[in-house]
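The values are calculated or read from the model by the stated rules, or taken from the named source; none is laboratory data. The structure presented is a predicted model; accordingly, all values stated were derived computationally and were not measured. With ideal geometry, Cβ positions are generated from the backbone for all residues, glycine too; neighbour counts draw on all protein chains shown.
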Amino acid sequence: MSIDLITPAQWQTQPWQNGGGITHQLCRQDDAQGLLWRLSIAEVASDGPFSRFNNIDRIILLLSGAGFCLHGVGNNPQRINTPLQPFSFAGETAIDCRLLQGPVRDFNLMTRRNAVQAELRVLTIGSVAQPLPLYANRLVYVASGTVTALLGARRIPLDTEHTLWLNNESVNLRLISSNAAQVIDIAFPSHSLYTTRPRYP
């Protein structure tokens, strides 16, 4: 099992060409056909269209700010104003984003359709150690608070905005916190696609 801790100092930050925001890439993994999966955080400062990604499934969660409204994902606009509530959509959909009241930050998971399976959950971690099911690969992002990850006898402290990446899990991960932390848990059931380490700056 390999263990990586990804901090904000390692993120790759890219301003948008239209000047409407910036994207922080936390980590990603590719194969010969291109993107397999990517974790990122966007800071959205103004209204505008989403970039389109063919054959990519996306899950977006509001991290901070009043929220935004997505036009184009169905018959009615989709209002995203509840923090850490996942919303899924196809990456090739033509979507226009309208901010509700000022800038926002959102968390994004992208996975290549029919190539990657990912299960995303939002968990509140308390003072009783919470065991997580054993998966081939796992990413845990701390959205708020501080967390201690327990792997057997090993203790790994995680601050807000830290990401823990576990490849080929062999020991059940347990999480504990003294301040009711919230984490985004992303699990990949299959071993076959993840024989190499992810990329991050």
Just one listed residue, out of Arg58, Arg98, Arg79, is in a strand (DSSP E or B) and either under 14 Å from the mean Cα position of the chain (by Cα) or crowded, with 18+ Cβ neighbours inside 10 Å (or both), and it is Arg58
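Is at least one residue of the stretch 176-188 surrounded by 18 or more Cβ atoms within 10 Å (Cβ to Cβ), acidic (Asp, Glu) and modelled with pLDDT of 95 or more?
Step one: list which residues in the stretch 176-188 are surrounded by 18 or more Cβ atoms within 10 Å (Cβ to Cβ), which gives 177, 181-188.
Filter again for acidic (Asp, Glu), leaving 185.
With modelled with pLDDT of 95 or more added as a condition, the list becomes 185.
Looking through the stretch 176-188, at least one residue is surrounded by 18 or more Cβ atoms within 10 Å (Cβ to Cβ), acidic (Asp, Glu) and modelled with pLDDT of 95 or more.
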Scanning the stretch 31-55 residue by residue, the ones that are closer than 19 Å to Cys69 by Cα and either surrounded by fewer than 19 Cβ atoms within 10 Å (Cβ to Cβ) or not assigned by TED's automatic domain parsing to the domain that holds Gly20 (or both) total 7
Every listed condition ((1) in a strand (DSSP E or B); (2) modelled with pLDDT of 95 or more) holds for Gln29 save (2)
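How many of the residues making up the stretch 131-169 are among the polar types (S, T, N, Q), surrounded by fewer than 17 Cβ atoms within 10 Å (Cβ to Cβ) and part of a strand (DSSP E or B)?
Going residue by residue through the stretch 131-169, those that are among the polar types (S, T, N, Q) are 137, 144, 146, 148, 160, 163, 167-168.
Right, trim to surrounded by fewer than 17 Cβ atoms within 10 Å (Cβ to Cβ) and you get 146, 148, 160, 168.
Applying the additional criterion that residues be part of a strand (DSSP E or B) yields 148.
Number of matching residues: 1.
Would you pick out the residues in the stretch 101-121 that are of a type in the set (S, T, N, Q) and outside any strand (DSSP E or B)?
Step one: list which residues in the stretch 101-121 are of a type in the set (S, T, N, Q), which gives 101, 108, 111, 114, 117.
Of everything in the stretch 101-121, those that are of a type in the set (S, T, N, Q) and outside any strand (DSSP E or B) turn out to be Gln101, Asn114, Gln117.
Taking the condition more than 14 Å from the chain's Cα centre (by Cα), of a type in the set (Val, Ile, Thr), crowded, with 18+ Cβ neighbours inside 10 Å and assigned by TED's automatic domain parsing to the domain that holds Trp165, does Ile125 pass? Quick ask: steps written out before the conclusion?
Working: more than 14 Å from the chain's Cα centre (by Cα): yes; of a type in the set (Val, Ile, Thr): yes; crowded, with 18+ Cβ neighbours inside 10 Å: yes; assigned by TED's automatic domain parsing to the domain that holds Trp165: yes.
Criteria met by Ile125.
Can you pull out the residues in the stretch 56-87 that are of a type in the set (S, T, N, Q) and modelled with pLDDT under 95? Talk me through it step by step, then tell me what you get.
Looking only at the stretch 56-87, we keep the residues that are of a type in the set (S, T, N, Q), and these are 64, 75-76, 78, 81-82, 85.
Within the stretch 56-87, Asn75, Asn76, Gln78 meet the criteria.
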Going through (1) surrounded by 16 or more Cβ atoms within 10 Å (Cβ to Cβ); (2) under 18 Å from the mean Cα position of the chain (by Cα) one by one, Arg113 fails only at (1)
Exception for Arg52 within (1) at pLDDT below 95; (2) closer than 30 Å to Thr124 by Cα; (3) basic (Lys, Arg) falls at (2)
